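Visitor: Before anything else, here's the structure in question.
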Amino acid sequence: MTLTDARIQDSYPTRITTEPELIEREDPAVWGSDSDGPMSAAELRAHEANGYTIVDGLLSPAEVQGYWQELNRLSRDETLKADERVITEKASGEVRSIFDVHKLSDLVAELVRDTRVLDRARQILGSDVYIHQSRVNYMPGFKGNGFYWHSDFETWHAEDGMPRPRAVSCSIALTDNYPFNGGLMLMPGSHRTFVQCVGETPDDHYKSSLKEQQIGVPTHTDITKLAAEHGIDQFTGPAGGALWFDSNIMHGSGNNITPYPRSNIFLVFNSVENALEEPFAASSRRPEFIASRDFTPIRR
Ligand code: 6CS
Ligand code: FE
């Protein structure tokens, strides 16, 4: 199929110059069944309906402590300071995120293969899976900047060439998530609507979008429509909890001006049957530390 054919057959066109539309999703959110892993039929039905699942206490307090120490080691690692995988906060210059964290940390590499994580990803996606992207978000106290409303899949489709929304993110809280320290907000059920975004993708967009995304964000009108239809839930709870959310759910987080950091490990699993093609709405691919092109299935 030529690139032009791919665009003509694109079920999820975005980064348009015309009026944005709400497109009904063609794909399920859950591809596996209760016999494929630890999630029950009721949990899978709820994930299909809401687009997210919270697993309280996925990690024990001792495990959280280990990852928290690992996170701090990485953020202090002088050899990483100039590394492009380290994203700093626009205003304060503090570390905001570190990408490819499953390659930079043996501990996180083990977590990716942990049965509590890998089995759920395989079950939701109904196939072998690989890591599309991993990052650790620090969301430091006092000056942590949030993430404006967006669909991850809209970016991954437009800029990474992800064909369909057959990817799921697992955000594991390493600090307590409160409503007031930038806890992730989600619109339950919004994953069933693909919201087109206006504006051509700038070259090297990731160099600005990972600090503050301005292209690939929905209009106020569309955010208002989705919020009116679905409401807004928030992922809060003690450290160690995990939020599994569909690649296309509308989500965002507020700034963090409290003294309490809101740090999480963020693992994105993609189905090996949904391997990246060429970007659907960008002039070139993003670097592999943001969008992996190693589709080798994860094995325990
Ligand atoms: O562009 C991306 O891939 C990243 N940006 C955001 C705001 N969420 C998903 C992902 O980590
Ligand atoms: Fe996101």
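Visitor: Would you mind working out the accessible area per residue for the stretch 226-300, using a 1.4 Å probe, and quoting it in Å²? Before the final figure, lay out the partial values.
Guide: Values: 2880 Å² over 75 residues.
Accessible area per residue, the stretch 226-300: 38 Å².
Visitor: Let's test the formula: R0 of 25 Å, r as the Cβ-Cβ distance of Arg113 and Ser33. What FRET efficiency results, to the nearest 0.05?
Guide: 0.65
Visitor: Right, next: List the chymotrypsin sites (Phe, Trp or Tyr not before Pro) within the stretch 126-168 that DSSP assigns to loop and that have no more than 13 neighbouring Cβ atoms inside 10 Å.
Guide: Those satisfying the criteria are Phe142.
Visitor: A further question follows. Report the Stokes-Einstein translational diffusion coefficient (µm² s⁻¹, integer) for the stretch 246-300, Rh taken as the Kirkwood radius over Cα pairs, at 20 °C with viscosity 1.002 mPa s.
Guide: Answer, rounded: 145 µm²/s.
Visitor: Using a 10 angstrom cutoff on alpha carbons, build the Gaussian network for the chain and name the most mobile of Asp246, Asp152, Asp233.
Guide: Looking only at Asp246, Asp152, Asp233, the biggest GNM fluctuation is shown by Asp233.
Visitor: Under a straight-distance cross-link criterion of Cα-Cα below 12 Å, which aspartates and glutamates are reachable from Lys81, leaving out those fewer than 8 residues away in the same chain?
Guide: Glu94
Visitor: Quick check: residue separation of Asp10 and Glu48 times 0.36 nm, minus the Cα distance between them. What number comes out in nm?
Guide: Gain on extension, Asp10 to Glu48, equals 11.4 nm.
Visitor: Output wanted: per-residue J couplings in Hz (rounded whole) for the stretch 279-293, from phi through Karplus 6.51 cos²θ - 1.76 cosθ + 1.60, θ = phi - 60°, x for Gly and Pro.
Guide: x, 7, 7, 7, 7, 8, 5, 8, x, 5, 6, 9, 9, 5, 10
Visitor: Specify the residue with the greatest mean-square fluctuation among Glu89, Glu19, Glu200, computed from a Gaussian network of the chain linking alpha-carbon atoms under 10 Å apart.
Guide: Residue with maximal mean-square fluctuation among Glu89, Glu19, Glu200: Glu19.
Visitor: Over the heavy atoms of Leu44, what accessible area does a 1.4 Å probe trace out, to the nearest 10 Å²?
Guide: Number for this one is 10 Å².
Visitor: Bin width 10 Å, origin at 0, all Cα-Cα pairs of the stretch 3-274: what percent of pairs per bin?
Guide: Histogramming the stretch 3-274 at 10 Å steps yields 7, 30, 38, 21, 4, 0 percent.
Visitor: Hey, any idea what % of the chain's accessible area is carbon plus sulfur with a 1.4 Å probe?
Guide: Ligands and nucleic acids excluded, carbon and sulfur give 51 percent.
Visitor: Report the Cα centroid-to-centroid distance between the stretch 230-300 and the stretch 28-89 in angstrom, as an integer.
Guide: Their Cα centres are 9 Å away from one another.
The values are calculated or read from the model by the stated rules, or taken from the named source; none is laboratory data. Not measured: the values here are computed from a predicted model. A quick note on method: Cβ atoms are made from the backbone with ideal geometry, for glycine too, and the neighbour counts reach across all protein chains shown. Protein only, heavy atoms only, side chains kept; ligands, DNA and RNA dropped before computing areas. Shrake-Rupley method; radii C 1.70, N 1.55, O 1.52, S 1.80 Å.
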